[in-house]
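Working notes, beginning with the structure itself.
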Amino acid sequence: MNVRTAIHVLILALLAAIFWCLGCERPPRPPAGGGAAPRAAEASAPQSAAGEPATAADAFAASGPQAAAPAAADGAAADGSAADAAATTDRAVRAPLAAPPADLPPPVPLADADWPQFRGPDRNGTSRERRLLRQWPAGGPARLWETAVGEGYAAPSAAAGRVYLNDYDAARQEWLVRCLQLDTGAPIWRYATPKRIRPNHAITRTAPTTDGAFVFAMDPKCELHCLDARDGRLLWRLSLPEAFGTPIPPWYNGQSPLATDDAVVVATGGRRLLAALDKATGRTLWETPNPDGAPLSHASIMPATIDGVAQYVYLSLSGVYGVAADDGRLLWQLPWKFNVAVPTSATILPGGQIFITSCYQAPTGVCQVALRNGVWTAEEVRRLPPGGWNSEVHTPIAYGGRLYGVGKKQRGLWTCLDLRGEVLWTSAGQASC
C-alpha cells in the first residue's frame, strides 16, 4: 500500500468513526455539584387528541445541554422570540422550580381496580380486585378496543378511567406519553417532545406512574417528565444525566418511577444512588450516597417494610441495596454478581427475605435482611446451583407462599416455584398446585 492510499484509508476510517459517534447515546457532561435541575414547563408541548401541537415544542434533547429553538405554534412569530425562549429554557435547567406551577392538579382517589404503575398498585404484580373470572370463555375475553403503538416493550398504566402509556413516533422523532379513555380507547391527550432515539431492541420499555393527578414518565434517555394528568401539560422535567451524572444504560432506560404521597423516587446511578423529588416542583427532597459508584441498571425500585422500617430495595450491577424511605439513608447492601445488565427487579418475600434473579448466567438466590441490635445486616441464605431456574427479563411475583415467573431455560412457560426457587410446575403440563 502506497502512502497516498494509506492516507485515503485513514481519512475514510476517521469519517466513519465521526459518523458513528454522532449516533452514539452519550450522557452530557454533568454540571458541577449535585442536585436536581428540572426544566421549565415551557420546554415541551402537550398535544391534542388529533396530535397537533398545542404550544411551542421543545427541541432540547437529553443527550446534550444545548437547547434548540422551540417551533412556533398558534400563530407565534418565528423570529428572535423563539431563541429567547430557548435561552430561558436553558437557564431554567440549572435550578429546580422555585414554586409549584399554577393550577396544580387536585388529588384523585384511586380504586382497587386501578393499575397506576409498573406491577400494579402495590408494585408487586398482584391486583386488589376480587371476584375475577376463574376461567376465560373459549374464544377469550371480548376485545373492547385496540390502538396502534410504536415498537417496544412498554406497559400501560390505568387510573380513574384513563390509560397512560409511553410511545415513540419514529416518523416525527418524538417521544410520547399518551392518554386514552379506558372504556373506549378514545384519545384524550398526547404529550410529545423531540427525542432522537435509535432502535436498540426496540425503543419503549417502561410504564408511566400516576396517582390520578400527576403522571411521571421516564424516557429512554433517562429524562423524567412530570405531567398534569388532566390535559398532559408539562409541569417539569429533569434529565438524570445532567442532574446526577447518570450514565444511560445499554438498551436505554428500563426503570419505571415510584410515586409516594408527596414525592417521586427514582434510581439515578452516577453521583447518587437514589433520589426523591417533590412532585410539584421536582426539587430534591433527599439523595442516597453512592460511594461505590453503582451504575444505573434497568431495574425499578421496589418498596418493602422490613422489621417495621419502610425502605426501598434496588438492584444494581454492584449488588442489592436497601434505602430508608423517610430520608434516603443507605441502610444495608449486599454484593451480588450480576452480568452485563439487570432487567429484573427485586421480589420482596415475607420475613425480610428478597428473591434475586437476572439474566446472562447471573446467580439466582435469596438474601435475608434484618435489624439486629440496631444494626442492619444482609446475607445470602440461598443460591441455586448452576443450571437452576433464572429469569432473563420478567420479575417473579410472590403470592400465596409461591413464586410465579417466566424463566430462561424454558422460555415462554409460566412457572411456579417455592420460595427457595425450586420449580413446582410449568404451564407445559397440568398447571395446578
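The values are calculated or read from the model by the stated rules, or taken from the named source; none is laboratory data. Being a predicted model, the structure only gives us computed values, none of them experimental. Ideal geometry is used to build each Cβ from the backbone, glycine not excepted, and the neighbour counts take in all protein chains shown. The protein model used for the area step is the full one, side chains on, heavy atoms only, and it has no ligands, DNA or RNA in it. Shrake-Rupley method; radii C 1.70, N 1.55, O 1.52, S 1.80 Å.
Suppose the filter is out of contact with any helix residue (DSSP H, G or I) (no Cβ under 7 Å at 6 or more places or on another chain) and surrounded by 13 or more Cβ atoms within 10 Å (Cβ to Cβ); does P335 pass it?
Values: out of contact with any helix residue (DSSP H, G or I) (no Cβ under 7 Å at 6 or more places or on another chain): yes; surrounded by 13 or more Cβ atoms within 10 Å (Cβ to Cβ): no.
It is false that P335 is out of contact with any helix residue (DSSP H, G or I) (no Cβ under 7 Å at 6 or more places or on another chain) and surrounded by 13 or more Cβ atoms within 10 Å (Cβ to Cβ).
If I go through region 243-296 residue by residue, how many of them are touching a residue at least 60 places away in the same chain (Cβ under 8 Å) and in contact with a helix residue (DSSP H, G or I) (Cβ under 6 Å, 6 or more places away or on another chain)?
Residues that pass the stated criteria total 4.
Could you tell me whether any residue of region 241-256 is part of a helix (DSSP H, G or I) and among the acidic types (D, E)?
Filtering region 241-256 down to residues part of a helix (DSSP H, G or I) leaves 241-244.
Checking which are among the acidic types (D, E) leaves us with 242.
Yes, some residue in region 241-256 is part of a helix (DSSP H, G or I) and among the acidic types (D, E).
What residue, among those in region 114-156 that are of a type in the set (F, W, Y) and under 30 Å from I301 (Cβ atoms), is most open to solvent (accessible area, probe 1.4 Å)?
Filtering region 114-156 for residues that are of a type in the set (F, W, Y) and under 30 Å from I301 (Cβ atoms), the one most open to solvent (accessible area, probe 1.4 Å) comes out as Y153.
Looking at region 338-363, which of its residues are surrounded by fewer than 21 Cβ atoms within 10 Å (Cβ to Cβ), on the phi < 0 side of the Ramachandran plot and in contact with a Phe, Trp or Tyr (Cβ under 6 Å, 6 or more places away or on another chain)?
Those that are surrounded by fewer than 21 Cβ atoms within 10 Å (Cβ to Cβ), on the phi < 0 side of the Ramachandran plot and in contact with a Phe, Trp or Tyr (Cβ under 6 Å, 6 or more places away or on another chain): N339, L349.
Report, by residue number, each residue of region 418-433 that is free of Cβ contacts under 8 Å to residues at least 60 places away in the same chain, of a type outside the set (S, T, N, Q) and outside any strand (DSSP E or B).
So the first thing to find is which residues in region 418-433 are free of Cβ contacts under 8 Å to residues at least 60 places away in the same chain, and the list is 418, 420, 422-433.
From what is left, the residues that are of a type outside the set (S, T, N, Q) are 418, 420, 422-425, 428-429, 431, 433.
The answer is D418, R420, E422, A428, G429, A431, C433.
Matching residues to (1) open to solvent by 10 Å² or more (accessible area, probe 1.4 Å); (2) of a type in the set (V, I, T); (3) closer than 30 Å to P107 by Cα:
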{"position": "S256", "(1), (2), (3)": "no, no, yes"}
{"position": "D262", "(1), (2), (3)": "yes, no, yes"}
{"position": "D278", "(1), (2), (3)": "yes, no, yes"}
{"position": "R283", "(1), (2), (3)": "yes, no, yes"}
{"position": "A294", "(1), (2), (3)": "no, no, no"}
{"position": "A299", "(1), (2), (3)": "no, no, yes"}
{"position": "M302", "(1), (2), (3)": "no, no, yes"}
{"position": "G319", "(1), (2), (3)": "no, no, no"}
{"position": "D327", "(1), (2), (3)": "yes, no, yes"}
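Is it the case, given these coordinates, that T147 is touching a strand residue (DSSP E or B) at 6+ places or on another chain (Cβ under 8 Å), over 23 Å from P257 (Cα atoms) and of a type in the set (V, I, T)? Break it down into steps so the answer makes sense when it comes.
On the way: touching a strand residue (DSSP E or B) at 6+ places or on another chain (Cβ under 8 Å): yes; over 23 Å from P257 (Cα atoms): yes; of a type in the set (V, I, T): yes.
Yes, satisfied.
For region 222-236, name all the residues that are open to solvent by less than 10 Å² (accessible area, probe 1.4 Å), touching a Phe, Trp or Tyr at 6+ places or on another chain (Cβ under 7 Å) and either assigned to a loop (DSSP other than H, G, I, E, B) or among the β-branched types (V, I, T) (or both).
A229, G232
Among the residues of region 244-254, is any open to solvent by less than 20 Å² (accessible area, probe 1.4 Å) and under 24 Å from A102 (Cβ atoms)?
no
Which ones in region 364-402 are open to solvent by less than 70 Å² (accessible area, probe 1.4 Å) and among the polar types (S, T, N, Q)?
The answer is T364, Q368, T377, N390, S391, T395.
Pairs only if they're at least six apart or on different chains, beta carbon under 6 angstrom, first in region 104-116 and part of a loop (DSSP other than H, G, I, E, B), second surrounded by fewer than 17 Cβ atoms within 10 Å (Cβ to Cβ) and among the basic types (K, R); list them, first residue then second.
Close Cβ pairs (under 6 Å, with a partner that is surrounded by fewer than 17 Cβ atoms within 10 Å (Cβ to Cβ) and among the basic types (K, R)) amount to D112/R128.
Identify the single condition in (1) within 28 Å of K337 (Cα to Cα); (2) of a type in the set (S, T, Y); (3) in contact with a Leu (Cβ under 6 Å, 6 or more places away or on another chain) that T206 does not satisfy, given that it satisfies every other one.
If we test T206 against (1) within 28 Å of K337 (Cα to Cα); (2) of a type in the set (S, T, Y); (3) in contact with a Leu (Cβ under 6 Å, 6 or more places away or on another chain), just (3) comes out false.
Got a number for residues in region 198-221 being in a loop (DSSP other than H, G, I, E, B) and open to solvent by 10 Å² or more (accessible area, probe 1.4 Å)? Even if it seems obvious, please write down each step before you answer.
Initial filter on region 198-221 (in a loop (DSSP other than H, G, I, E, B)): 198-203, 205-208, 211-213, 219-221.
Okay, now just the ones that are also open to solvent by 10 Å² or more (accessible area, probe 1.4 Å), so 198-202, 205, 211-212.
Final tally of qualifying residues: 8.
Please give the strands (runs of 3 or more DSSP E) falling wholly within region 298-342 in which 3 or more residues are free of Cβ contacts under 8 Å to residues at least 60 places away in the same chain and under 16 Å from W286 (Cα atoms).
Values: elements: 302-306, 309-316, 319-324, 330-335.
Because the criterion is at least 3 residues that are free of Cβ contacts under 8 Å to residues at least 60 places away in the same chain and under 16 Å from W286 (Cα atoms), the strands (runs of 3 or more DSSP E) in region 298-342 that meet it are 309-316, 319-324.
Yes or no: region 167-187 includes at least one residue that is open to solvent by less than 20 Å² (accessible area, probe 1.4 Å), in a strand (DSSP E or B) and closer than 27 Å to G405 by Cβ.
Yes: one or more hits.
Yes/no matrix, rows are residues, columns are (1) in contact (Cβ under 8 Å) with a residue 24 or more places away in the chain; (2) of a type in the set (K, R):
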| position | (1), (2) |
| --- | --- |
| F118 | yes, no |
| R123 | yes, yes |
| E129 | no, no |
| W136 | no, no |
| G140 | no, no |
| E151 | yes, no |
| A155 | yes, no |
| A159 | yes, no |
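If we scan region 99-113, do we find a residue that is under 26 Å from the mean Cα position of the chain (by Cα) and open to solvent by 90 Å² or more (accessible area, probe 1.4 Å)? Walk me through how you get there before you give the answer.
To start, the set of residues in region 99-113 that are under 26 Å from the mean Cα position of the chain (by Cα) comprises 99-101, 104-113.
Keeping just the survivors that are open to solvent by 90 Å² or more (accessible area, probe 1.4 Å) gives 107, 109.
Checked region 99-113: at least one residue is under 26 Å from the mean Cα position of the chain (by Cα) and open to solvent by 90 Å² or more (accessible area, probe 1.4 Å).
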